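Below is one structure; the comments refer to it alone.
The values are calculated or read from the model by the stated rules, or taken from the named source; none is laboratory data. Not measured: the values here are computed from a predicted model. Methodologically, a virtual Cβ is constructed for each residue, glycine included, from the backbone with ideal geometry; neighbour enumeration extends over all protein chains shown. The accessibility values were calculated without ligands, DNA or RNA, using every heavy atom of the protein model including side chains. Shrake-Rupley method; radii C 1.70, N 1.55, O 1.52, S 1.80 Å.
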Amino acid sequence: MTLVQMADNELAQNNSWFRGWLQWSPTSSTMLRAAEKKILSCLKSAYRGWYVDIGPVVGPADKIWTISLNQESSKTPILLLHGLGAGVALWCLNLDHLAATRPVYAIDVLGFGRSSRPTFSSDALVAERQLVTSVEEWRREMQLEKMIVLGHSLGGFLAASYAIHYPDRVKHLVLADPWGFPEKPADVAQRYNVPLWVRAIAYVIQPFNPLWPVRAAGPFGQWVIEKTRPDIIKKFSSFLNEDANVIPQYIFQCNAQNPTGEAAFHAMMASFGWAKHPMINRIDALRNDIPITLLYGSRSWVDNASGELIREQRRSSYVNIQVITGAGHHVYADKAETFNRHVIEACKLADSGELSKTSVIQANPTSELEEETSQESIPAQQNPSS
């Protein structure tokens, strides 16, 4: 082969790559379904997946993708609400354990995963209420009288809002490293020593949805996730054995489609780490008889000081704060065994209905080598820091 022929071949290959990128379609519900099925096939428990029609909540005919385990149990069911950019399959490290004693339901929040992707309001409070209403309409269709509601990150924000609006439906509120609770500091750039060039870039990309680079990367989106977040694969490697690479594929397929839920999050955020209407300023509207368990990762970027503020505001209510050593923001996956244990304890309390008006605070965070989390229970009126 001559040099000219080799050059022509290389040019043809480059053009093929370019044309392929332009013609590539990011939407693949089939690939998303396949990735989810591959992850959930590793569960020991049987599960069921189906669409729940919630009617015209935001769009003309919204549907919520739902999976359930142990539906036959008579215990109080638990509902799992995922965070930004996630979906039901990322609870894979928790589902078997939680379903051992009760019904477990996990949904793709409206606008995410395999659920419908209607266009939400650009108003922060309206978008929040639309998402919360979709959860309530799902509960009504499922005919669940009361639930334990567990939310991670954005899901924690929505879970708290749901409990405020529909207190009769919540037996226990579990917030896992919840987003959107604290006030945004006025001096955030100085406090976190953010360089000027980073602030400039943040200003330029402010109008875009948070996960736009994944979609902008086109067919290389999954590769971007793998290279920028190798920790994601590591979290699930022991559960999925040799198939851990399906995790970035699943995350990519969750976020390559029309990002309407992400747009709702963008409407609600003041910047990525803070909400326009922080939940800490509204948590006093939560009925006092609703117990709260807060689970934070010691290495998370989420400020866990909000937990202490909640405890101070709810002195006559049950508030259990746990900071899990070695866990980051994805506390449910980083330290799944410890996380599951705390959630199961919250579920047992909900079943017993014997909550005393006691505030439970974390005395010593869980050591990575300890099996049990050390904690101290102090009646609110005797708590010197109250």
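Of the residues making up the stretch 54-72, those that are under 25 Å from I39 (Cβ atoms), over 20 Å from the mean Cα position of the chain (by Cα) and open to solvent by 30 Å² or more (accessible area, probe 1.4 Å) number 3.
Cβ separations smaller than 8 Å between residues 6+ apart or across chains give the following pairs from the stretch 216-240 residues that are on the phi > 0 side of the Ramachandran plot to residues that are open to solvent by 40 Å² or more (accessible area, probe 1.4 Å): G218/W21; G218/W24; G218/P26.
Looking only at residues of the stretch 193-248 that are in contact with a Pro (Cβ under 8 Å, 6 or more places away or on another chain) and of a type in the set (A, V, I, L, M), we find that the one that is modelled with the lowest pLDDT is L211. Could you list, in sequence order, the residues of the stretch 137-172 that are open to solvent by 10 Å² or more (accessible area, probe 1.4 Å) and closer than 16 Å to D62 by Cβ? Within the stretch 137-172, E137, R139, R140, E141, M142 qualify. Among all residues of the stretch 269-286, there is none that is open to solvent by 10 Å² or more (accessible area, probe 1.4 Å), of a type outside the set (V, I, T), at pLDDT below 90 and closer than 16 Å to G87 by Cβ. Within the option set T133, T76, being open to solvent by 10 Å² or more (accessible area, probe 1.4 Å) and in contact with a strand residue (DSSP E or B) (Cβ under 7 Å, 6 or more places away or on another chain) holds for one residue only, T76. If you take the residues in the stretch 215-256 that are more than 16 Å from A89 (Cα to Cα) and of a type in the set (V, I, T), which one is least open to solvent (accessible area, probe 1.4 Å)? Selected residue: I225.
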